[in-house]
1. Take the Cα radius of gyration of the stretch A:37-128 and divide it by 2.2 N^0.38 Å, with N its residue count; two decimals is plenty.
2. Am I reading the A/B interface right? What is its buried accessible area, both sides, 1.4 Å probe, to the nearest 100 Å²?
3. Using the Kirkwood radius over Cα pairs, work out the Stokes-Einstein diffusion coefficient for the stretch A:5-260 at 20 °C and 1.002 mPa s, in µm²/s as a whole number.
4. Taking R0 as 35 Å, what's the FRET efficiency between A:Tyr232 and A:Leu127 from their Cβ-Cβ distance, rounded to 0.05?
5. Past the 20 angstrom mark, what percentage of all C-alpha to C-alpha distances in the stretch B:235-316 do you count?
6. Average partner chain C-beta neighbours within 10 Å, per residue of B:136-149?
7. Do you know which residues of the stretch A:70-108 lose at least 30 square angstrom of accessible area in the protein assembly compared with their chain on its own, with a 1.4 angstrom probe?
8. Quick check: from the Cα gyration tensor, does the protein assembly as shown come out rounded (a/c under 1.5), prolate or oblate?
Amino acid sequence: MKLTLSAGIGILLTAMFVLSAIFAPLIAPYPLDLTVGGVWDAPSAKNWLGTDTIGRDILSRLIYGGQITIFVALASSVIAFSLGSFFGFLAAVRGGWTDQILSRIVDLMMAIPSPIVALVLLSVLPLNLPVLILVIGVLDSTRVFRLARAVSMDIAVMDYVEAAKLRGEGQIWVIFREILPNALSPLVAEFGLRFIFAVLFISTLSFLGLGVQPPLADWGGMVKENKDGLIYGKSAALMPAAAIAALAISVNLVADWVLSRTTSLKGGRGA
Amino acid sequence: MHPILKLVIQRVALGCLLLLAVSAVIFLGVEALPGDTAQAILGQSATPQALENLRQQMGLNEPALVRYFKWLGGVLTGDLGKSLTNGTDIATAIGQRLGNTLFLAVSAAVISVPLALILGLVAARYAGRWPDKLISGITLTTISLPEFVAAYFVIYLLTQVFPVFLPVSMVFPGMSLGAKLHAVALPVIVLVMVVLAHMMRMTRAAILNVMQSAYIETAELKGLTPMQVIWKHAFPNAIAPIVSVVVLNLAYLVVGVVVVEVVFSYNALGQYLVDHVTKRDLPVVQAVGLVFAAVYIGLNIIADVVSIVANPRLRHPK
């Protein structure tokens with residue numbers, strides 16, 4: 001696989017974000033909630049990116065916030081993938097009624113824009129991390145379902161699947177041992193796109209005040225905390241905003257590259 | 001019956017059915033979740049007796065299905081119930097705000113649709129060369145940005161670096177159209193940025209797809225200029241996919257509006273929804289959610305109908 005320049009930049013930046021999230025307590029110059037300066041201090045040698053609305057170090061909060069943002073996004077994309085691909089494969093292998101029911105449920109879920117569904121759900125559910133992860137994961141699994149179903153429809157009619165069925169393997173065995181390995185590469189390429197979607201989703205929810213709740217910090221919430229400063233020309237809110245943008249773009253670059261690699265080998269990637 | 005009419009009626013009927021199913025999901029789905037409306041109003045310290053009285057008063061002791069049909073009956077007759085937090089009539093509140101939301105969305109659509117088509121045509125004309133690469137690069141970046149991030153970059157740029165606009169959009173009854181347009185300029189710019197990229201990329205893809213046809217080669221061989229080929233031969237045949245993309249993005253606009261309204265404290269439907277999600281005011285959330293879903297499904301039906309009508313094979317059956 002030839003590495004393109006944009007893919008290289010993407011991988012480098014993504015790795016940087018992930019590493020700084022993992023080693024947050026080691027890298028961050030200050031603790032998450034320590035007031036170290038005045039309100040919205042400009043960047044200085046002491047606080048590289050300045051301070052926030054109550055004088056906390058923005059760089060430290062960005063590093064800790066990245067931990068939460070990346071963790072929530074990763075966990076919900078894993079849920080979206082497990083749910084979506086399992087039911088997608090099941091629909092393709094079983095066909096008939098199972099397929100009809102599952103597909104119609106997904107159609108119904110996709111008939112309402114997912115941010116609206118999320119808002120309706122979050123007006124009843126308690127706001128904590130497991131609930132957020134589950135809501136985003138389930139809403140996002142619909143797209144994975146469609147992709148997994150489309151990909152495995154082609155695989156389910158292959159001779160080796162037929163052979164497995166004839167020698168008496170169960171459906172679960174067929175799904176995990178025959179379909180999954182062959183459907184993996186388009187799904188892996190899609191993972192990057194779903195991860196970005198989850199990052200944007202959790203950031204937007206937190207920005208609306210309906211995502212990660214204080215004292216935890218994530219990037220969307222940090223934009224919300226510091227947005228009023230923009231009116232006075234304080235650019236503090238732009239730092240977490242830039243972090244979201246940089247993460248989204250760099251993962252996009254990697255996903256694009258993986259996608260162009262796999263599509264050239266495997267044909268279309270489906271909707 | 002004319003086959004087009006039949007198809008259109010089928011699509012509309014299917015859409016209505018879908019909307020009905022969505023209303024059931026919004027009402028019954030939420031009922032099925034853990035959480036108690038009476039508890040939400042009175043708080044954790046409420047006595048069992050007070051809770052019981054409130055449930056009686058609100059009819060919460062009836063089975064969920066009965067309440068669903070009552071609610072649905074109310075929705076169909078324009079009665080959306082009362083807000084839990086301040087007791088105001090929800091239908092009136094939505095009526096006041098829907099206009100503001102539509103004003104914002106329509107202003108954004110009027111700018112973004114022609115712009116997206118023109119940029120898409122230009123990118124398709126110069127496919128693979130620098131104008132295409134420039135446009136594609138910029139749009140790929142804006143696709144990666146969530147609405148509120150794009151919004152704050154625009155705010156910082158246009159109110160601080162180049163102070164042209166005010167960072168808050170206030171629209172109130174009695175404002176002249178000019179004043180209103182000036183007030184919504186910033187949110188409209190943000191919304192245009194957000195939907196333009198998708199629309200433009202799809203336009204480009206649709207035209208490039210048509211460009212591979214044999215009749216395009218004929219048109220090129222008979223000596224038409226590239227722009228004439230695109231405009232006269234490729235564009236009419238790409239209308240169906242383009243229209244459906246445009247309408248789907250307008251549907252997306254309706255959702256993007258929610259976040260943008262909150263960013264600019266613009267008093268409209270999205271702001272109303274988010275406020276009441278925070279207050280856990282379920283009747284308001286359900287009603288506004290249904291309005292958004294209805295607009296979204298309605299636009300999807302329009303997209304389907306237009307692509308049916310734009311197909312000459314269906315328009316002139318043999």
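1. Values: Rg = 21.5 Å, N = 92, 2.2 N^0.38 = 12.3 Å.
Here the answer is 1.76, to two decimals.
2. Numbers: alone 13650 and 17520 Å², together 27680 Å².
By this definition, chains A and B bury close to 3500 Å².
3. Values: Rh = 20.0 Å.
This corresponds to a translational diffusion coefficient of 107 µm²/s.
4. Numbers: r = 30 Å, r/R0 = 0.85.
My answer for the efficiency is 0.70.
5. Working: 1543 of 3321 pairs.
Within the stretch B:235-316, distances greater than 20 Å cover 46 percent of Cα pairs.
6. Numbers: counts 0, 1, 0, 0, 5, 4, 1, 4, 13, 6, 14, 4, 13, 16.
If you average over the peptide's residues, the count of other-chain Cβ atoms is 6.
7. At a threshold of 30 Å² (probe 1.4 Å), the residues of the stretch A:70-108 that become less exposed are A:Leu108.
8. On the way: a/c = 1.25, a/b = 1.13, b/c = 1.10.
Note, shape of the protein assembly as shown comes out rounded.
The values are calculated or read from the model by the stated rules, or taken from the named source; none is laboratory data. Because the structure is a prediction, the values reported are computed rather than measured. No Cβ is skipped: glycine too gets one built from the backbone with ideal geometry, and neighbour counts run over all protein chains shown. Quick note on the areas: whole protein, heavy atoms, side chains included, nothing else; ligands and nucleic acids left out. Shrake-Rupley method; radii C 1.70, N 1.55, O 1.52, S 1.80 Å.
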